[in-house]
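The values are calculated or read from the model by the stated rules, or taken from the named source; none is laboratory data. Computed from a predicted structure; not experimentally measured. Cβ: placed from backbone, ideal geometry, glycine included. Neighbour counts: every protein chain shown. Each accessible area value is taken on the protein alone, full model and side chains, heavy atoms only, with ligands, DNA and RNA left out. Shrake-Rupley method; radii C 1.70, N 1.55, O 1.52, S 1.80 Å.
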Amino acid sequence: MRATPVNLYDLTREELRLQLVRWDVNPFHAALLWNYLYLQLVGSFEEMTELPARVRSRLKAESCLGVLPTALETDSNDGFTRKYLLTLGDGARIETVLMRFTGRVTACISSQVGCAMGCVFCATGQMGYTRHLTPGEIVAQAVHVARALRTAREPHRLRNVVLMGMGEPLHNYDAVMHAVDILRDEAGLALGAGRITLSTVGVVPGIRRLAREQRPLHLAVSLHAATQAGRAALVPAAKKWRLDELMAACRDYSTATGRRIFYEWTLIEGQNDSADQARAVGRLLQGLPAQVNLIPLNPTSGYAGTPTRTEAARQFQHILKSEFKIPSSVRQRRGIDIAAGCGQLASTQS
Ligand code: SAH
Ligand code: SF4
């Protein structure tokens, strides 16, 4: 039986070099191949015209380019957000979102097909879990967006990646970190130096591992409630990783890395948007290096809640700022008309 071809997007630059040696190809070609993959962003072996034909045919025989075909592409009405539904090798589909706000171009990428964490208001949680993505499938999403940006009428470079699409990235830790290593490579997409943000529902062992390994990422933690009971009602995973353990892990993370954490708070009218709730989160985060990202609920078919109104969101921000000196932002609900399956939409600072 023939072995499954190697997905080139699964390999770091060093792994690619070693792989060429194994295929009896001069590793001298690795730099040019890498250049084709991540600078020229080619979509097929045929476009790698500067590689000798013999090398190309060997690559074709042994490997594949894990380009993800687009099943559907939708623009938001305001033109700031574009959502891609991408098809994986097994036919499963994932969402990748391209966002352009105030000069920042960001790709919001998925880490799993579905999600096992079951947050009640989340469309992905309502789907349930199907499988982890491979490193190559994670990398291919960033490549997809980078390629779309390069061929746009006003070409741009991909500047930022947020792991805030479908799935819980710390539930798929090894594949996500492998992908991050590939995305960071300075000879490639060069998304290093704080250009990647990972959002977690609060997987405590994963946060502790990130701190131990000193991973150069921005960390966002989805909080949504400031009490154990309130959080468990929205985020079932909070029953496993309790709020007190989560806050201890966050504190230790900030101490070990010297970095602040973004705390995400999906604002649901009448549920977690009162002045008392703002004070509760203020007390919880006081003294920690923190920024709160408030995300008005994006309505989903499986959850009856409604988004907080702008005035209530402003009041929440005001309390955090004036009483606790905690900066916050409210994500504008751009892209809502295309149901951009991503918490990271544009923000207004306060
Ligand atoms: N699994 C990770 C990352 C993906 S979700 C996490 O939960 O953090 C990214 C962010 O979008 C999270 O803060 C999540 O709570 C938020 N989110 C999910 N569904 C939402 C919805 N319907 N409306 C508003 N925010 C939502
Ligand atoms: Fe999973 Fe995040 Fe959605 Fe919760 S909010 S179900 S952790 S993707």
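Conditions tested, residue by residue: (1) under 17 Å from LEU41 (Cα atoms); (2) not small (Gly, Ala, Ser).
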| site | (1), (2) |
| --- | --- |
| ALA123 | no, no |
| ALA152 | yes, no |
| VAL203 | no, yes |
| ARG215 | no, yes |
**Request:** Check LYS83 against each of (1) open to solvent by 20 Å² or more (accessible area, probe 1.4 Å); (2) in contact (Cβ under 8 Å) with a residue 24 or more places away in the chain; (3) over 15 Å from the mean Cα position of the chain (by Cα) and name the one condition it does not meet.
**Result:** (3)
**Message:** If I ask for residues that are within 11 Å of ligand 1 (Cβ to nearest atom) and surrounded by 17 or more Cβ atoms within 10 Å (Cβ to Cβ), which ones from the stretch 121-132 would you list?
**Reply:** PHE121, CYS122, ALA123, THR124, GLY125
**Request:** Identify the residue in the stretch 299-340 that is touching a helix residue (DSSP H, G or I) at 6+ places or on another chain (Cβ under 6 Å) and closer than 22 Å to VAL120 by Cβ and, among all such residues, is modelled with the highest pLDDT.
**Result:** PHE316
**Message:** What's the number of the only condition in (1) away from ligand 1 (no atom under 16 Å from the Cβ); (2) of a type in the set (Gly, Ala, Ser); (3) open to solvent by less than 60 Å² (accessible area, probe 1.4 Å); (4) in a loop (DSSP other than H, G, I, E, B) that GLY89 fails to meet?
**Reply:** (3)
**Message:** So for the stretch 115-133 (the condition being under 29 Å from ASN35 (Cα atoms), touching a helix residue (DSSP H, G or I) at 6+ places or on another chain (Cβ under 6 Å) and of a type outside the set (A, V, I, L, M)), does at least one residue qualify?
**Reply:** yes
**Asked** Among the residues of the stretch 213-221, is there at least one that is within 14 Å of ligand 1 (Cβ to nearest atom), within 30 Å of ALA304 (Cα to Cα) and open to solvent by 10 Å² or more (accessible area, probe 1.4 Å)?
**Response** no
